[in-house]
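Written below as structure tokens is the structure these notes are about.
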Amino acid sequence: MMSRRKAKDARRATREAQPLPPRRHARRRWLWPAAAGAVAALVVGGVFAARSSGPAPALRASGGGLQLAGTDPVTGRHVSLASYAGKAIVLNVWGSWCTGCRAEARDLATFTRDHPDVQTIGVDSQDTSSGARAFYRRYGWTHPSISDPHGAIAAQLAVEGFPTTFFLDRSHRVAARIVGATSLAGFERGLRIALGQT
């Protein structure tokens, strides 16, 4: 006579050794695409929600060049890319909550000091003014940023991850982009591309 435990183990072993019925396989085939579709719908819905919430800062492309304006979260002053006509721009999308943004912050400050002929502008996304001020103090940033509290600018720029840095040529067309934290060498490389020095 077999003990209950041995009988249970034998049934489990028999069940595990058998192939799954075809119906279960069919169910698994559509499970991942359905899950991926649901995630995509949530992301798209979030992008549209971000685009429609709060007052949207001005962002548009004109004559191939990017035009962006808004309020600096630290100083409260108006910041506009148009104020830097004819200058290459390094547009860094960041947030004080972002680990990668903290990782590259000192290199971006050094890069900005080393290139006074190039304008660095931040887009402080999904952040608070107090968080932005503390970040600026901690990392010694001096360049202007544009507040993007609801992520509307980041959504319109199709930012795929934080931080994202766009390198704009002198006509303010996007020449290069880095998604994720980079180093001083990465900023230098992006600038060379924007200036046509590659």
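The values are calculated or read from the model by the stated rules, or taken from the named source; none is laboratory data. Because the structure is predicted, anything quoted here is derived from the model rather than measured. Just so you know, the surface numbers come from the protein's heavy atoms only, side chains and all, with ligands and any DNA or RNA stripped out. Shrake-Rupley method; radii C 1.70, N 1.55, O 1.52, S 1.80 Å.
Accessible surface for the stretch 57-154, divided over its residues, is 42 Å² per residue with a 1.4 Å probe. Residue-wise HN-Hα couplings along the stretch 72-83, as the Karplus relation 6.51 cos²θ - 1.76 cosθ + 1.60 with θ = phi - 60° gives them from phi, are 6, x, 9, 9, x, 7, 6, 10, 9, 4, 4, 5 Hz; Gly and Pro carry x. Counting only protein heavy atoms and a probe of 1.4 Å, the accessible surface of the stretch 113-198 is 46% carbon and sulfur. Here the 3J(HN,Hα) profile of the stretch 118-127, calculated from phi with Karplus coefficients 6.51, -1.76 and 1.60 at θ = phi - 60°, is 10, 9, 8, 9, x, 10, 7, 9, 6, 9 Hz, Gly and Pro shown as x.
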